[in-house]
Amino acid sequence: MMTKINGSVFARLRAGIQGEPSAVTRICRFVLKAPLRARNLSIEELAQACGASAATVHRFCRDLGYGGYKEFQLDLAASLGNSDVGIIEDFDENARPKTIVRQVFEYNRQSLGDTARMLDVRILVRVATLMQRSRRVIFVGIGASALVARYASLRLLSLGLPALAVVDPYLQIFVTENVGPEDVLVGISHTGQTAHVIEAVRTARRRGARTVALTNYPRSPLAAASNLRLVTAFPEHRINAAVSSSIIPQLCVINSLYFILGSWGGRKARRIANEAERRAQRILRTLRPKKGKPSSQGR
């Protein structure tokens with residue numbers, strides 16, 4: 001049985017694409033590809049179009065968090081009425097720059113809204129509690145997710161919490177061989193299918209570490225391998241178009257953890273953050289050329 005999900009109908013459908021039986025995947029893809037057509041189909045017609053039974057479609061709707069097919073259809077119709085943004089094409093030679101800019105910003109706005117609705121604050125608080133009590137927090141990611149891992153480790157370090165970003169696949173092997181119950185390991189992958197990250201999470205979990213997945217797909221292999229899941233909701237499910245842009249909701253999740261931990265840290269956290277700010281300002285002043293003297297750069 002599928003785990004129930006929060007968020008808009010499209011966010012729920014995208015989350016249902018990975019890690020599910022073929023009939024469920026076919027229904028998800030059909031509705032995402034032709035939502036206007038799906039909105040007007042009866043449950044029997046949708047089942048026939050997807051090569052499934054009406055009972056399967058009914059269970060599918062229940063597992064998405066709806067009372068039944070009728071409630072699912074009503075939410076689909078409402079979502080279509082509130083959204084006029086099309087798919088972002090990777091390279092559309094006919095698109096005007098103004099249209100591209102509007103689509104990019106609208107997609108990210110929609111992604112942040114869906115992520116805020118899908119994100120379980122109770123899970124977020126549990127993750128923050130584990131991080132606060134841990135010996136160290138290890139963030140692992142490859143490619144674009146490596147940027148998020150590095151950013152996350154810096155945020156925690158700025159609060160005085162021991163954190164490490166491991167973005168090399170071979171280093172991930174050595175690091176996860178030396179974790180234990182006092183450690184937290186966060187695997188970051190938009191698709192939830194990055195093999196090195198999944199292996200790192202599985203190894204850390206076998207060693208007793210608490211593991212967290214930060215992914216766009218709550219039923220992906222990475223999510224299944226982790227103790228806890230933090231789910232984003234970028235609206236594009238094609239890898240090439242989505243991965244780099246999915247960084248934005250991932251960073252918002254990391255920042256939420258940062259501010260929760262900072263609020264718990266009290267005076268110590270503020271003192272560390274303020275001292276880091278003072279040091280940064282002091283370094284910037286020393287690099288700034290003195291008034292009336294030319295910069296030494298370019299000599």
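The values are calculated or read from the model by the stated rules, or taken from the named source; none is laboratory data. None of these values were measured; they are calculated from a predicted model. All Cβ positions, glycine included, derive from the backbone under ideal geometry; neighbour counts span all protein chains shown.
Is it true that Arg117 is within 13 Å of the chain's Cα centre (by Cα), surrounded by fewer than 16 Cβ atoms within 10 Å (Cβ to Cβ) and either closer than 23 Å to Ala209 by Cα or charged (D, E, K, R) (or both)?
Details: within 13 Å of the chain's Cα centre (by Cα): yes; surrounded by fewer than 16 Cβ atoms within 10 Å (Cβ to Cβ): yes; either closer than 23 Å to Ala209 by Cα or charged (D, E, K, R) (or both): yes.
It is true that Arg117 is within 13 Å of the chain's Cα centre (by Cα), surrounded by fewer than 16 Cβ atoms within 10 Å (Cβ to Cβ) and either closer than 23 Å to Ala209 by Cα or charged (D, E, K, R) (or both).
So, restricting to helices (runs of 4 or more DSSP H) that lie completely within the range 21-79, which ones have at least 3 residues that are surrounded by fewer than 20 Cβ atoms within 10 Å (Cβ to Cβ), touching a residue at least 12 places away in the same chain (Cβ under 8 Å) and in contact with a Lys or Arg (Cβ under 9 Å, 6 or more places away or on another chain)? Step through it out loud before you land on a result.
On the way: elements: 22-33, 35-39, 43-49, 54-63.
Per the criteria, no element qualifies.
Checking Pro35 against (1) under 21 Å from Ala15 (Cβ atoms); (2) at pLDDT 90 or above; (3) not polar (S, T, N, Q), only one condition comes out false. Which one?
Among (1) under 21 Å from Ala15 (Cβ atoms); (2) at pLDDT 90 or above; (3) not polar (S, T, N, Q), Pro35 violates only (2).
When you scan the range 122-136, how many residues do you find that are under 21 Å from Leu154 (Cβ atoms) and charged (D, E, K, R)?
Final tally of qualifying residues: 3.
Of these, Leu156, Leu147, which one is surrounded by 18 or more Cβ atoms within 10 Å (Cβ to Cβ) and part of a helix (DSSP H, G or I)? Spell out the reasoning first.
Numbers: Leu147 fails: surrounded by 18 or more Cβ atoms within 10 Å (Cβ to Cβ).
On inspection, the qualifying residue turns out to be Leu156.
For Leu159, are the conditions met, namely being among the hydrophobic types (A, V, I, L, M, F, W, C), without any contact (Cβ under 8 Å) to a residue 12 or more places away in the chain and over 30 Å from Phe10 (Cα atoms)? Steps first, answer last, please.
On the way: among the hydrophobic types (A, V, I, L, M, F, W, C): yes; without any contact (Cβ under 8 Å) to a residue 12 or more places away in the chain: no; over 30 Å from Phe10 (Cα atoms): yes.
Against the criterion (among the hydrophobic types (A, V, I, L, M, F, W, C), without any contact (Cβ under 8 Å) to a residue 12 or more places away in the chain and over 30 Å from Phe10 (Cα atoms)), Leu159 does not qualify.
Name the helices (runs of 4 or more DSSP H) wholly within the range 193-299 that hold at least 2 residues that are modelled with pLDDT of 80 or more, closer than 17 Å to Val148 by Cβ and out of contact with any strand residue (DSSP E or B) (no Cβ under 9 Å at 6 or more places or on another chain)? Quick ask: steps written out before the conclusion?
On the way: elements: 195-206, 221-225, 239-242, 247-287.
The qualifying helices (runs of 4 or more DSSP H) are 247-287.
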